[in-house]
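Remarks on the structure that follows.
The values are calculated or read from the model by the stated rules, or taken from the named source; none is laboratory data. Keep in mind that this is a model prediction, so the values were computed, not measured. Positions of Cβ are backbone-derived with ideal geometry, glycine not excepted, and every protein chain shown enters the neighbour counts.
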Amino acid sequence: MDDCLTVDDAADTLSRPDSLTFIKANMRIAPVPALPEIRLYTAHPASGLWRLTRSEARAAEPEGEETEADEDGPEPQPPYWAYAWAGGAVLARYILDRPETVAGLRVLDIGAGSGLVGIAAAKAGASEVIASEIDRNGVAALALNAAANGVAISVVGEDITAGPPPPVDVVAAGDLFYRQDLADRVIAFLDRCLAAGIDVLIGDPGRAYLPRSRLRLLAEYQVPDVGQIGDAMKPSGVFSFEPEQLGGELRPSP
């Protein structure tokens with residue numbers, strides 16, 4: 001894609017000037033549970049991510065418009081990119097265990113978040129990795145995570161689901177089926193990928209809107225998930241996304 005950016009360019013042009021500094025100063029870089037080969041900047045109880053997300057929201061307000069902020073209220077939910085979700089973790093584990101899945105191929109990590117899946121693909125020998133991520137702070141985190149793992153990733157800092165797929169061989173989608181509207185957009189995009197001859201891999205622990213009727217199970221792992229207590233593990237699957245059968249019907253899982 002012509003509008004792809006390197007991780008350095010992405011950090012400069014898509015993130016707020018203080019995002020990189022904040023993440024490096026307040027988040028911990030550590031190996032990902034179940035993925036010791038990869039280290040990520042990750043949120044912890046004292047990271048104070050609400051300061052970053054709140055200032056981002058204020059920056060997005062129309063000029064001259066003010067909103068009241070409850071300084072004593074509950075902190076906003078930390079952004080998704082600050083954690084390793086089970087769907088991304090299981091997909092990254094699968095790619096590292098089976099590097100032939102992506103070796104020598106062009107890979108798109110859609111909804112990349114921390115960049116976990118894209119980093120795994122780069123480590124497994126992908127010829128090119130593109131990561132799409134709409135959160136501007138997430139783009140900064142992705143840049144830092146890629147650099148910390150010594151890999152090169154190009155970044156698209158916008159929602160690409162409405163357009164045609166980029167020129168890649170494999171699309172990896174980790175944990176994108178937790179909300180109906182998002183799942184609908186992603187499924188439509190993945191169908192365009194299949195039509196273009198692109199293989200699609202999905203990692204998911206069984207979110208509510210996972211298109212189960214379209215999936216072929218490739219592997220299953222026990223990995224931690226966001227919100228799990230202690231060392232609890234959750235069974236999560238890696239799937240091949242298959243063309244819809246004639247007369248078939250897409251249904252959300254119960």
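Every test in (1) surrounded by 14 or more Cβ atoms within 10 Å (Cβ to Cβ); (2) more than 16 Å from the chain's Cα centre (by Cα); (3) without any contact (Cβ under 8 Å) to a residue 60 or more places away in the chain is passed by Val200 save one, and that test is (2).
Out of all the residues in the stretch 127-138, is one or more of a type in the set (S, T, N, Q) and under 11 Å from the mean Cα position of the chain (by Cα)? Within the stretch 127-138, one or more residues are of a type in the set (S, T, N, Q) and under 11 Å from the mean Cα position of the chain (by Cα).
Filtering the stretch 103-117 to residues that are part of a strand (DSSP E or B) and either surrounded by fewer than 24 Cβ atoms within 10 Å (Cβ to Cβ) or within 8 Å of the chain's Cα centre (by Cα) (or both) leaves Arg106, Asp109, Ile110.
So which helices (runs of 4 or more DSSP H) are wholly in the stretch 1-90 and hold at least 1 residues that are modelled with pLDDT of 80 or more, in contact with a strand residue (DSSP E or B) (Cβ under 8 Å, 6 or more places away or on another chain) and not hydrophobic (A, V, I, L, M, F, W, C)?
19-26
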